[in-house]
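Asker: Questions regarding the structure given below will be posed in turn.
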Amino acid sequence: MLDYRPFDSLGRMDINWLSARYHFSFANYFDPARMGWGPLRVWNDDKIRPRTGFDPHPHRDMEIITYVRTGAISHQDNLGNKGRTEAGQVQVMSAGTGIQHAEYNLEDSDTTLFQIWIMPNGKGLKPNWETRTLPGVGDQGRLIPLASGQGIPDTMPINQDATLYVAHLSEDGKIEHTLAPGRKAYLVGFEGKVAVNGQELNARDGLAVDDLDLLTLEARGAGSLLLADLPG
């Protein structure tokens, strides 16, 4: 099953400093058919204006992955963590028993990013935050694991049996990905156009996948996407 979710169908919020699109119910957007996908609860597509951002606010019992597409985001939290995540880099925050953080675009131009929330495999875990550049993150023609709870080397750990991948396909490139029995996937394009089992994804479209064992990703020209491999 392929459930195509074009960008224009997403929830939205536009205020003076933030333009947000929601793949799942969030904030002022509610759709009972889009409450999550397996443990994936939130996939937000944010554009944050220069010198603005999210003031301190709390989270708990959630794995929060941020993939920066352009610009940079600066983080600070009540555990003493502080850092800057640039385009192509990933940050992971395990909220666990509770964490309060702020995120700001301190740059001179817009920052665009995906923020992805995955429910953890347990409550009351130790909170943690990390950012880094992963090896091979810009490679062409393969799925590159970014964050994972499946013991994949050179990834940022999360507390869930899930993996988030990025793929960059050169012109007419092709990648295959096998889904184990009972698993789901959610994919979002962010550059160019990529077809998934024949379903074309434009930049920032979404695709929910269930009851399939093989995903074939084919560039239409060239394109990039994120893929979350999730338990059912």
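The values are calculated or read from the model by the stated rules, or taken from the named source; none is laboratory data. Computed from a predicted model, the values in this text were never measured in an experiment. Methodologically, a virtual Cβ is constructed for each residue, glycine included, from the backbone with ideal geometry; neighbour enumeration extends over all protein chains shown. All accessible areas refer to the heavy atoms of the entire protein, side chains included, with ligands and DNA or RNA removed. Shrake-Rupley method; radii C 1.70, N 1.55, O 1.52, S 1.80 Å.
Asker: Given the criterion charged (D, E, K, R), under 16 Å from residue 188 (Cβ atoms), surrounded by 17 or more Cβ atoms within 10 Å (Cβ to Cβ) and under 14 Å from the mean Cα position of the chain (by Cα), identify the matching residue among 5, 34, 21.
Answerer: Of the residues listed, the single one that is charged (D, E, K, R), under 16 Å from residue 188 (Cβ atoms), surrounded by 17 or more Cβ atoms within 10 Å (Cβ to Cβ) and under 14 Å from the mean Cα position of the chain (by Cα) is 21.
Asker: Turning to a different aspect of this structure: Do we have any residue at all in segment 102-110 that's of a type outside the set (Asp, Glu), under 15 Å from the mean Cα position of the chain (by Cα) and closer than 28 Å to residue 223 by Cα?
Answerer: no
Asker: Pick out the one residue from 12, 51 that is open to solvent by 50 Å² or more (accessible area, probe 1.4 Å) and either on the phi > 0 side of the Ramachandran plot or at pLDDT below 95 (or both).
Answerer: 51
Asker: Moving on to the next point. Looking at (1) free of Cβ contacts under 8 Å to residues at least 40 places away in the same chain; (2) of a type in the set (D, E, K, R); (3) open to solvent by less than 60 Å² (accessible area, probe 1.4 Å), find the lone condition where residue 184 falls short.
Answerer: Status for residue 184: all satisfied but (1).
Asker: Related question: Please specify each residue of segment 1-34 satisfying the condition of being touching a residue at least 24 places away in the same chain (Cβ under 8 Å), more than 24 Å from residue 195 (Cβ to Cβ) and either of a type in the set (Asp, Glu) or part of a loop (DSSP other than H, G, I, E, B) (or both).
Answerer: Across segment 1-34, the qualifying residues are 16, 17.
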